[in-house]
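Note sheet for the following structure.
Where a number appears in this text, it was derived from the coordinates with a stated rule and is not lab data. Owing to the predicted nature of the structure, the values given are computational and were not obtained by experimental measurement. Reconstructed Cβ throughout: ideal geometry from the backbone, glycine too, with neighbour counts over all protein chains shown.
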Amino acid sequence: MVGEAEVVVLGAGVVGLTAAWLLRERGFRVRVVTEALGEASRPPVALVNPLRGRRFTLAPEGERALETALRFYPRFAPVHPGVFRPVPEGGRAKVAGRLGGLRHRWEGGGVLLEEAFWLEPRPLLERLAAGLPLLRARAVAWEPPYLVLEGGRRVRGAALVYAGGGRGAHLLGLWGQHTPGLVLTLLDYFSRAISYRVYLAGVALGGSYLPHEERPHLPPPTEGEVEWLLAGAEALVGYRPRVASAWRGVRFRLDRGGRAQGLPYLFPVEGGYALTGLGSTGFLYAPLLAERLAEALG
Ligand SMILES: Cc1cc2nc3c(=O)[nH]c(=O)nc-3n(C[C@H](O)[C@H](O)[C@H](O)COP(=O)(O)OP(=O)(O)OC[C@H]3O[C@@H](n4cnc5c(N)ncnc54)[C@H](O)[C@@H]3O)c2cc1C
């Protein structure tokens, strides 16, 4: 057996690391077990934007999630405030009615969300991990109060927290959609994020073009997908940015949806809790969910 902890967190993506940090800060003895430092959580840039998609839907508890994120992330990594959302002609009144209490300003052809922001996930994960007891290992079974590791070793926790994203979900029999997404890094730099269909922020151009699948799978970038991203960028800024490199990741969304009460991403499982299935909103919700988990663990 590899020591004991009050709470053992499986997974060191933004969700697991944020939860582990907050729990430790609240006095829990925490250990993180992970194969790698984030998986879906490693895009070059992440937006923290509560106004979602082409329909401009305010994410459930979006204002509170943004407020909590703004209290948490700047302690570890620079945040770049301001997400500009072009609004199609004729849609302004409808969008205005969906902004809730979000601080905003109408500008040109759209609305600037003044407190929404972007950040760079990789240095954030490094900074969070540096302050935590981290065991690099692959978990092969969830047998509360133990996590069973490859090679037969076990880690014991009074509570186990699953934050293993899409790749580890089979350990708990959790099923959902895995959606590959592509982020191109650019030679250009966009200090203010702009988002409609695709997003430009910092050196990144991202979006989701491919359909979802039943398993995590990383297909190589296709021409159609790259063209779709570049055309989307051109529609936003009037020219095609030059591409430096590409990063591919897979979003994981749980099949719990409307059946669950409150945010469907935090729920009890045998031996503890799961915090997973956040789709494209991992960075938006991780700090709020971490607070809720700390309350649940009492
Ligand atoms: C292209 C793309 C762009 C995105 N853009 C944004 C964005 O702009 N804003 C936003 O909020 N979200 C964005 N997301 C989504 C966001 O990245 C995810 O919601 C978030 O990363 C999920 O975090 P996680 O910690 O649950 O999962 P992950 O980052 O996948 O972490 C899972 C962790 O568990 C570990 N693990 C898994 N299985 C095991 C095992 N058996 N044993 C040991 N360790 C294991 C992995 O090594 C990893 O450390 C994007 C995703 C993609 C793919």
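What do you get for the angle between helix 14-25 and the principal long axis of the chain? Use alpha-carbon atoms, 0 to 90 degrees, nearest ten. The angle comes out near 60 degrees.
Entry for the stretch 71-207 at q = 0.18, 0.19 Å⁻¹: log10 I(q)/I(0) = -1.11, -1.15, Debye formula applied to identical alpha-carbon scatterers, no solvent contribution. Bridge orientation summary for the chain: considering DSSP beta bridges with both residues in this region, about 75 percent are antiparallel. Taking a quarter of the surface of the Cα convex hull of the stretch 176-252 gives a mean projected area of 4.8 nm².
With Cα atoms as the point set, the stretch 1-143 shows a radius of gyration and Dmax of 18.4, 63 Å.
In plain terms, the chain from SER191 to ARG64 could stretch by 43.3 nm, reckoned as 0.36 nm per residue minus the Cα-Cα distance.
Remark: the LYS94-ARG248 segment gains 52.1 nm on full extension, using 0.36 nm per residue and subtracting the alpha carbon distance. Axis angle, to the nearest 10 degrees, between helix 62-72 and the longest C-alpha principal axis of the chain: 70 degrees.
Normalised by 2.2 N^0.38 Å, where N is the number of residues, the C-alpha radius of gyration of the stretch 139-223 stands at 1.55.
Counted residue by residue at 0.36 nm each, then reduced by the alpha carbon distance between them, the extension gain from ALA77 to GLU35 reaches 12.8 nm.
Summing charges over all other residues whose Cβ lies under 12 Å from the Cβ of LEU128, with Lys and Arg as +1 and Asp and Glu as -1, gives +2. Summing charges over neighbours of GLY62, with a neighbour being any other residue whose Cβ is under 14 Å away from its Cβ, gives +2 when K and R count +1 and D and E count -1. Using just its DSSP H runs of length 4 or more, each adding -39500 (n - 2.57), the chain gives a mean residue ellipticity at 222 nm of -7000 deg cm²/dmol after division by all residues. Each 5 Å bin from zero holds the following percent of Cα-Cα pairs in the chain: 1, 5, 12, 16, 18, 17, 13, 9, 5, 3, 1, 0, 0.
Between the helical axis of 121-130 and the dominant principal axis of the chain, each derived from Cα atoms, what acute angle in degrees is found, rounded to the nearest 10? In the chain, helix 121-130 runs at an angle near 30 degrees to the longest axis.
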